[in-house]
Each structure stands twice: as structure tokens, then as C-alpha cells.
């Protein structure tokens with residue numbers, strides 16, 4: 001698969017809202033690259049039921065479902081892969097449990113050292129952020145957009161950007177070197193999530209078609 005595009009993230013709280021399945025289906029059909037599920041609020045049985053429903057939606061649209069932090073849940077439902085947080089980096093263990101074909105992502109915040117380690121351990125992509133003020137995770141430590149450029153130069157892995165990304169600043173993350181735009185509130189907090197997802201997909205495709213390099217942007221253009 002191609003690790004390039006828009007990467008929406010939803011959670012168990014959203015899965016309890018009226019009409020959530022229709023919204024998720026519309027977002028999954030908007031041309032996104034992957035979809036991530038985070039179980040943070042409910043019990044484990046409920047999380048498994050929610051993840052299984054979401055997996056069915058993703059399979060209808062041929063979109064890989066990534067489970068946040070929970071290797072066991074990923075294996076139980078047969079999701080495409082897992083995303084591991086900084087405190088959960090056991091990439092070798094996840095690979096052993098999920099198999100060679102699983103997608104494994106790793107959070108690296110603002111650390112190229114963590115990203116290098118993730119690459120050595122066999123991660124399929126690395127994620128940096130937050131880059132902009134975030135409604136979903138306002139307490140998350142900030143990251144420099146320049147870390148995306150550094151990662152593109154130092155690693156042989158796709159790079160995801162996360163944290164406050166929306167249509168007004170997505171091009172800054174893309175210009176700095178992001179392959180994937182991980183988005184929460186700008187899609188699932190929008191009045192029309194499908195339209196929001198389609199707009200970000202359009203912006204990503206338009207930027208990719210222009211194929212500018214990070215060297216084409218001044219350092220001042222790469223600051224949050």
C-alpha cells in the first residue's frame with residue numbers, strides 16, 4: 001500500500017454518537033489512505049465491538065484500519081495494523097504478534113532519535129507532532145515542523161504529521177515533508193466530515209502533483 005495521503009483518527013467516544021457509522025463510511029469513502037481507531041474511554045469488550053464494526057466499514061471501502069496502542073485488539077479483530085505510542089514502542093513484539101504483513105506505526109513526537117530507533121526495529125511509518133494547537137490533545141508537547149524535513153533526509157520511512165492539522169495549515173506540513181496528514185478534529189469535528197475529508201484529500205493530491213521539495217520553502221514558512 002501507499003503510505004501517503006490523509007489519515008483520519010477516530011475514537012470510542014465518537015463511535016457512540018448517533019449516525020457515526022454513516023459518517024465513518026462517508027469519510028472512509030473520501031479517498032483517505034488509512035483510518036485509525038483509538039479506544040480511550042469504554043471497556044475492553046465495548047472497544048472490541050466498536051473496532052469490529054469500524055473494520056467492516058473500512059473493508060467495504062478498502063481502507064486499512066490501524067488500532068492505536070492495542071496489539072491484542074488489533075490481532076483479535078484482524079485489523080491491518082497498530083500504531084504504537086512513545087511509551088508503547090515494542091515494535092518487535094508487535095511484529096511477532098501481528099505478522100510480517102501488518103502495518104506498524106510509531107509516535108516519535110519531536111525526536112529523530114526515536115524515529116531512527118523505530119526504523120531499525122522495523123516500523124512501517126513514523127509520526128511526529130503536535131505541530132499546531134490541538135483541540136483533541138491540547139496538552140501534547142509541541143514539535144517543530146523542521147523535524148519532518150530532517151526525518152525525510154535521515155530515514156527511509158514514510159512520515160506522518162499530527163496535531164492541529166486542518167485545511168488552513170496542511171500545506172505547511174506537506175511542504176515540510178509529511179507523507180501522511182493525521183487528522184482528528186478537522187474532520188470529525190467539522191459540520192460535514194465527508195466534505196472536510198475530501199478537501200484535505202484534494203489538497204494532498206494537489207500538493208503531491210506539484211512535487212515541490214522542502215528546499216523550495218523558506219525556513220520561516222515551516223514554522224507553526
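Computed from the coordinates by the stated procedures, all read-outs in this text should not be read as laboratory data. The structure presented is a predicted model; accordingly, all values stated were derived computationally and were not measured. Quick reminder, even Gly has a Cβ in these numbers, built from the backbone with ideal geometry, and neighbours come from all protein chains shown.
A few comments on the model shown:
- Computing FRET efficiency as 1/(1 + (r/R0)^6) for residue 168 and residue 113, where r is the C-beta to C-beta distance and R0 is 30 Å, gives about 0.45.
- Two-site FRET efficiency, residue 185 against residue 22, from Cβ-Cβ distance with R₀ of 22 Å, rounded to 0.05: 0.70
- Ordering 116-122, 183-189, 6-12 by mean Cβ neighbour count within 10 Å, with the highest value first, yields 6-12, 183-189, 116-122.
- Sites residue 206 and residue 62, calculated FRET efficiency, Cβ-Cβ separation with R0 22 Å, nearest 0.05: 0.45
- The packing ranking of peptides 123-129, 171-177, 42-48, 58-64, highest mean first, is 123-129, 171-177, 58-64, 42-48, where packing means the average number of other beta carbon atoms within 10 angstrom of each residue.
- With each label modelled as a point 7 angstrom along the Cα→C-beta vector, the residue 43-residue 137 pair spans 2.8 nm.
- Cα centroid separation, segment 164-182 to segment 118-148: 12 Å.
- With each label modelled as a point 7 angstrom along the Cα→C-beta vector, the residue 92-residue 195 pair spans 5.1 nm.
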